[in-house]
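Working notes, structure below.
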Amino acid sequence: MTIAENIRSIQKAIVETAVKHHRDPNTIQLVAVSKRHPMSAINEAIAADFFLFGENYMQEASEKIKMAPDKSSFHFIGHIQSNKAKTAAELFSMVETVDRYKLAKALNKHLHLLDKQLDILIQVNIGNDPNKSGVTPGMTQGLLKQIKDLTHLRPLGLMTIPPLTKDKEESATHFRNLRLLSIDLAQQGLFANKDKVELSMGMSHDFRVAIREGATIVRIGTAIFGARPATHPNLSSI
Ligand SMILES: *Cc1c(COP(=O)(O)O)cnc(C)c1O
């Protein structure tokens, strides 16, 4: 299967899953996670009229974004060090992984200098997994309250990576908990858009159950681009 075929088949699966669970397929965005894949993989997707990508590593991402056509856009979905906030503020259409005030403040400072607004999500460690980044569910409200004063950030919702499990219903519980948390926070007016809160949850192996539980953004890598190379691409050679 080609990348173009994989994208069509995932898009079809998203529509079918949404319809099955009485959801509007147009409320679900697909982010193609291109991390560690070469620029040629992104170009193949673009040639098939697909334009939204997710990247995890700042250096790799910035090289790719500089080569990518203007009509493409990129979400940052990896861990960000605060000293990379300037690059993140410049290059991404959304940063999905804001998990601390220091980072939010650094992003806001650079966005102010760029005279720009940035869509962000708060990364929540919904399973309280000691090995995962993200703010704990209990601290999410406090972080969003602090972010309210950062006028260049538009907090649109929550993102999570649940603990790895083969049990789909266990993942479903985490996804449901993220949605319940988002409803509570939306009622407190803590998101930029009260009536449309984004929930970024679900990857190649669990996007169907995530859609069932309310995902509005699914981040899919392997099912589109195949297995990831072990190392970053040498971008200067392509
Ligand atoms: C790598 C990654 C994905 C994609 O995972 P696949 O299993 O390849 O679909 C999604 N989200 C995040 C945060 C990732 O790091």
field: Residues within region 120-142 that are free of Cβ contacts under 8 Å to residues at least 40 places away in the same chain and assigned to a strand (DSSP E or B), tallied
entry: 4
statement: Given (1) farther than 12 Å from ILE220 by Cβ; (2) in contact with a Gly (Cβ under 7 Å, 6 or more places away or on another chain), VAL31 misses just (1)
Exclusive hit being in contact (Cβ under 8 Å) with a residue 60 or more places away in the chain, part of a helix (DSSP H, G or I) and either surrounded by 17 or more Cβ atoms within 10 Å (Cβ to Cβ) or more than 16 Å from the chain's Cα centre (by Cα) (or both), set ALA186, ALA210, ALA223: ALA223
message: Need the failing condition index for LEU150 against (1) surrounded by 18 or more Cβ atoms within 10 Å (Cβ to Cβ); (2) part of a loop (DSSP other than H, G, I, E, B); (3) within 16 Å of the ligand (Cβ to nearest atom), just the number.
response: (3)
message: The conditions are (1) touching a residue at least 40 places away in the same chain (Cβ under 8 Å); (2) part of a strand (DSSP E or B); (3) not polar (S, T, N, Q), and ALA215 fails exactly one of them. Which is it?
response: (2)
task: Starting from region 54-69, keep only residues that are within 18 Å of THR222 (Cα to Cα) and part of a helix (DSSP H, G or I), then list their pairs with residues that are within 12 Å of the ligand (Cβ to nearest atom) and of a type outside the set (D, E, K, R) whose Cβ atoms are within a distance under 7 Å, requiring at least 6 positions of separation or different chains.
output: ALA61/PHE76
statement: Going through region 12-26 in order, the residues found to be among the polar types (S, T, N, Q) and either touching a residue at least 40 places away in the same chain (Cβ under 8 Å) or surrounded by 14 or more Cβ atoms within 10 Å (Cβ to Cβ) (or both) are THR17
Of all residues in region 29-49 being within 15 Å of the ligand (Cβ to nearest atom) and farther than 17 Å from PRO229 by Cα, the one that is farthest from the chain's Cα centre (by Cα): ALA45
message: Quick test of your reading of the structure: TYR57 fulfils all but one of (1) farther than 19 Å from ASN234 by Cβ; (2) modelled with pLDDT of 95 or more. Name the failing condition by number.
response: (1)
- prompt: Could you list, in sequence order, the residues of region 73-99 that are outside any strand (DSSP E or B), closer than 14 Å to GLU55 by Cα and polar (S, T, N, Q)?
  reply: THR87, SER93
Subset of region 110-119 [part of a helix (DSSP H, G or I) and crowded, with 16+ Cβ neighbours inside 10 Å]: HIS110, LEU111
query: Could we say that ALA192 is within 16 Å of the ligand (Cβ to nearest atom) and either modelled with pLDDT of 95 or more or assigned to a loop (DSSP other than H, G, I, E, B) (or both) here?
result: no
- line: Within region 159-176, the count of residues that are away from the ligand (no atom under 13 Å from the Cβ) and modelled with pLDDT of 95 or more comes to 5
query: ARG208: at pLDDT 95 or above, in contact with a Ser or Thr (Cβ under 9 Å, 6 or more places away or on another chain) and within 16 Å of the ligand (Cβ to nearest atom), yes or no?
result: yes
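The values are calculated or read from the model by the stated rules, or taken from the named source; none is laboratory data. Source: prediction; values computed, not measured. Note that each Cβ is placed from the backbone with ideal geometry, even for glycine, and that neighbours are counted across all protein chains shown.
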